[in-house]
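Working notes, beginning with the structure itself.
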Amino acid sequence: MVDTLADCNGFHSGQIVVHMSGAQSSEILDRAKDFGAKVLSVHPLQAFASFEMAVQNLPGSVFSIEGDKDAYDAAVCIVETLGGEYFFIDRSAKPLYHAGACVVSNYLVTLIDLGVKLLESTGIPKSLATKALLPLINGTIKNVENIGIPKALTGPIARGDLSTIVKHLDCLEEMAPELLQLYSWLGIQTAEIALEKGTIDVATMEEFQRVFLNETIETIVRR
């Protein structure tokens, strides 16, 4: 589209051209700069599952702003009109920024799916498993919002309770071995958060990680 407009002399000096892609930087608009236009990327950190939800969720969101610094005022005006907050990033960092957003939005769905599948493995219907977990999910998100990470971390790893984790792994191996590797990789990272929280020491973190890594290696070998 940018090339088409540029080929038709559709840009001119004084224009500010904006896109709202999270994955793309303002670089994709650079042909407009050949005509004296300024370019911006203004991206809301928000999930839009439908048009109606987008309209509902967009106000109050936090936005990233990237592009020509002398056009930042226009981007700030857009964000503030929507009642949002904003921060500035460099275009070279846009892929890493977008990766962070994908982890929190897309991979959260994957993480919840893992929990649902674990409950399903015990015989609980999927619809009921999802309903049962939602209060726990919402409570955890509220904890992150109110007290932040790592303080919001709870559970056996945060308590240094290795025996409970071993029971998890043993039962996973017996009843849901296809989920064992993902559970273990998540445990390795969670042990680092527990250390950051200060509820376990380095030796305990390393013991957790050793157990999880051994299970991961064994799972790979079995495959």
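Can you spot a residue in segment 127-144 that is assigned to a helix (DSSP H, G or I), charged (D, E, K, R) and either modelled with pLDDT of 95 or more or surrounded by 14 or more Cβ atoms within 10 Å (Cβ to Cβ) (or both)? For segment 127-144, residues assigned to a helix (DSSP H, G or I), charged (D, E, K, R) and either modelled with pLDDT of 95 or more or surrounded by 14 or more Cβ atoms within 10 Å (Cβ to Cβ) (or both): present. Restricting Gly123, Gly100 to residues that are farther than 22 Å from Phe48 by Cβ, out of contact with any helix residue (DSSP H, G or I) (no Cβ under 9 Å at 6 or more places or on another chain) and either part of a helix (DSSP H, G or I) or not charged (D, E, K, R) (or both) narrows the list to Gly123.
Condition first: part of a helix (DSSP H, G or I) and either of a type in the set (D, E, K, R) or at pLDDT below 95 (or both). Now tell me which residues in segment 145-170 satisfy that. Within segment 145-170, Glu145, Arg159, Lys167, Asp170 meet the criteria.
Does segment 15-31 contain at least one residue that is in contact with a Ser or Thr (Cβ under 9 Å, 6 or more places away or on another chain) and over 28 Å from Val104 (Cα atoms)? Yes: one or more hits.
Residues in segment 75-96 that are among the aliphatic types (A, V, I, L, M) and closer than 15 Å to Gly22 by Cβ were compared, and the one that is farthest from the chain's Cα centre (by Cα) is Ala75. Taken over segment 48-68, the criterion of being farther than 17 Å from Ser21 by Cβ and in contact (Cβ under 8 Å) with a residue 12 or more places away in the chain is satisfied by Pro59, Gly60.
Under the condition of being assigned to a helix (DSSP H, G or I), surrounded by fewer than 17 Cβ atoms within 10 Å (Cβ to Cβ) and hydrophobic (A, V, I, L, M, F, W, C), the residues counted in segment 29-62 number 5. Annotation: of all residues in segment 155-171 being out of contact with any helix residue (DSSP H, G or I) (no Cβ under 6 Å at 6 or more places or on another chain) and hydrophobic (A, V, I, L, M, F, W, C), the one that is farthest from Leu186 (Cα to Cα) is Cys171.
When restricted to residues that are more than 20 Å from the chain's Cα centre (by Cα), buried (at least 17 other Cβ atoms within 10 Å of the Cβ) and within 11 Å of Leu153 (Cα to Cα), segment 185-211 contains 2. One residue is enough: does segment 77-92 have a residue meeting the conditions in a helix (DSSP H, G or I), closer than 30 Å to Ile28 by Cα, in contact with a strand residue (DSSP E or B) (Cβ under 8 Å, 6 or more places away or on another chain) and of a type in the set (A, V, I, L, M, F, W, C)? Yes: one or more hits.
The values are calculated or read from the model by the stated rules, or taken from the named source; none is laboratory data. The model shown is predicted, which means the values in this text are computed figures rather than measured ones. We place every Cβ from the backbone using ideal geometry, glycine too, and count neighbours over all the protein chains shown.
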